[in-house]
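First the structure, in the form of structure tokens, and then the observations on it.
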Amino acid sequence: MALIEIKNVAKTFGNFTALHSIDLSISDQEFMVLLGASGCGKTTLLRIIAGLETPSQGEVWIGGKRVDQLPPKDRGIAMVFQNYAVFPHLTVFENIAFGLRMAKVPDADVKRRVERNAELMHIEQLLGRYSGQLSGGQRQRVAVARALAMEPDVILMDEPLSNLDALLRMEMRAELKGVLAESNTTTIYVTHDQVEAMSMADRISVMNGGKIVQAATPIEVYRNPAARFVGSFIGNPPMNFLPASKSAAGHRRVADVDFPAPASDRDVIEFAIRPEDVTPGKTGLPAKVRVIEPLGPHLLLTCDMDGHAFRAVVESDLTVATGDTLYLIPQQDRIRWFEPETNLAIGG
Ligand code: ATP
């Protein structure tokens, strides 16, 4: 059982606060992704869980045991960090076998576990090579294979696929997801790549400025962002936001169109909709088309809507030219609303 609990953890470096009072509970065997832009504190949080960094306050519990004062080796975790420590003077085989040898695993088992994980990471043909002779992407895969070979209760990974080209990265993320789903491992995985996060995670913790803004399933963070930041960070292109002023009772006016809206005392709140959740029609939000980008199955339109940029993803067979005005109808149940000051979602 490797339930991980982070209780009120904060970290300051001098007078800079890298993490503000983080509370997070990760279930046994869950795949949790920490997602956020560079500098938001993901690596610091992972390093605190690993024991490579001491929290300024708070507690870390793994499997019912408080571990924040224990050295990394006593926490029952395997890790893959950005500066993957692959030993150049050892072969790939011995690198992957390293932890197993330390744990005095019998030779036959070592061989089986090394070969299996090398195959999984598509480096089985490199087992005899010295790691000093590998590319960055190959070394990274050796580090992942070494961590997996330990069959740990907890695995912590910081951008483990960052040095791979796009195609290999896509393949590896599916392989990793598959193998971790079959294992009994609890995983915490750091990335700034939202596609990787969406595709791999059971839950995503979206971080911003040293805080967790939302921790939920990928579909929940996508459909129901708890804060404006989540809607603008997740999704490519991101959510559209437009000001919504007061109108008839229970309604808000957005670019001259009235929509039913949740109650708020504010004169102006924000209306939000994802680019794929609008359909061109005869009436709706007026959008003057500025740029048309064919994306294969869809067209991405960048429009001007009442002085605001608005992106729409529409069917590729739509007849449209730059300068046209389209009327876009938002799917009612996909509309979200945000408070301007707190930037939090209104009306759940
Ligand atoms: P990236 O994706 O770029 O690795 P991150 O979200 O993982 O970013 P962290 O490495 O956790 O970010 O860093 C969070 C903040 O803490 C950053 O502003 C960073 O500059 C700062 N920071 C991290 N380590 C230290 C340190 N040892 N001393 C001072 N500041 C630090």
**Asked** For region 193-214, which residues satisfy the criterion of being buried (at least 21 other Cβ atoms within 10 Å of the Cβ), under 10 Å from the mean Cα position of the chain (by Cα) and within 16 Å of the ligand (Cβ to nearest atom)?
**Response** Gln194, Glu196, Ala197, Ile204, Ser205, Val206, Met207
**Message:** I need every pair where a residue in region 51-72 that is closer than 14 Å to Ile6 by Cβ and in contact (Cβ under 8 Å) with a residue 60 or more places away in the chain has its Cβ under 7 Å from the Cβ of a residue that is outside any strand (DSSP E or B) and among the charged types (D, E, K, R), sequence separation at least 6 or different chains.
**Reply:** Ile62/Arg75; Gly63/Asp153
**Request:** Could you check Lys246 against (1) within 16 Å of the ligand (Cβ to nearest atom); (2) more than 30 Å from Arg113 (Cα to Cα) and say which number it fails?
**Result:** (1)
**Complete:** Here the residues within region 172-192 that are open to solvent by less than 30 Å² (accessible area, probe 1.4 Å) and within 13 Å of the ligand (Cβ to nearest atom) are Ile188, Tyr189, Val190, Thr191
**Request:** Test each condition in (1) of a type in the set (A, V, I, L, M, F, W, C); (2) in a helix (DSSP H, G or I); (3) free of Cβ contacts under 8 Å to residues at least 12 places away in the same chain for Val105 and report the one that comes out false.
**Result:** (2)
**Request:** Take region 145-171 and flag every residue that is of a type in the set (Asp, Glu), closer than 21 Å to Ser199 by Cβ and surrounded by fewer than 21 Cβ atoms within 10 Å (Cβ to Cβ).
**Result:** Glu159, Asp165, Glu171
**Asked** List the pairs whose first member sits in region 148-160 and is within 21 Å of Ile123 (Cα to Cα), whose second member is within 13 Å of the ligand (Cβ to nearest atom) and modelled with pLDDT under 90, and whose Cβ atoms are under 7 Å apart, counting only residues at least 6 apart or on separate chains?
**Response** Asp158/Phe81; Asp158/Gln82; Glu159/Gln82
**Asked** If you go through region 172-182 one residue at a time, do you hit one that is of a type in the set (Gly, Ala, Ser), over 20 Å from Lys42 (Cα atoms) and touching an Asp or Glu at 6+ places or on another chain (Cβ under 7 Å)?
**Response** no
**Prompt:** Can you tell me how many residues in region 212-225 are in a helix (DSSP H, G or I), of a type in the set (A, V, I, L, M) and either over 23 Å from Glu175 (Cβ atoms) or modelled with pLDDT under 95 (or both)?
**Reply:** 1
**Request:** Tell me, yes or no, whether region 275-287 has at least one residue that is of a type in the set (Val, Ile, Thr), touching a Pro at 6+ places or on another chain (Cβ under 7 Å) and either at positive phi or modelled with pLDDT of 95 or more (or both).
**Result:** yes
**Every residue from region 97-109 that is of a type in the set (A, V, I, L, M) and surrounded by fewer than 20 Cβ atoms within 10 Å (Cβ to Cβ)** = Met102, Ala103, Val105, Ala108
**Request:** Answer with yes or no whether Val142 is β-branched (Val, Ile, Thr), touching a Lys or Arg at 6+ places or on another chain (Cβ under 9 Å) and open to solvent by less than 50 Å² (accessible area, probe 1.4 Å).
**Result:** no
**Asked** Given the conditions (1) under 17 Å from Ala244 (Cβ atoms); (2) in contact (Cβ under 8 Å) with a residue 24 or more places away in the chain; (3) acidic (Asp, Glu), which single one is not true for Asp324?
**Response** (1)
**Request:** For region 218-226, indicate whether the set of residues that are aromatic (Phe, Trp, Tyr) and within 16 Å of the ligand (Cβ to nearest atom) is non-empty.
**Result:** no
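The values are calculated or read from the model by the stated rules, or taken from the named source; none is laboratory data. Note that the coordinates shown come from a computational prediction; the quantities given were computed from them, not determined experimentally. Positions of Cβ are generated from backbone atoms using ideal geometry, with glycine treated the same way; all protein chains shown enter the neighbour counts. When the accessible area is computed, the model is the full protein with side chains, heavy atoms only, and any ligands, DNA or RNA have been set aside. Shrake-Rupley method; radii C 1.70, N 1.55, O 1.52, S 1.80 Å.
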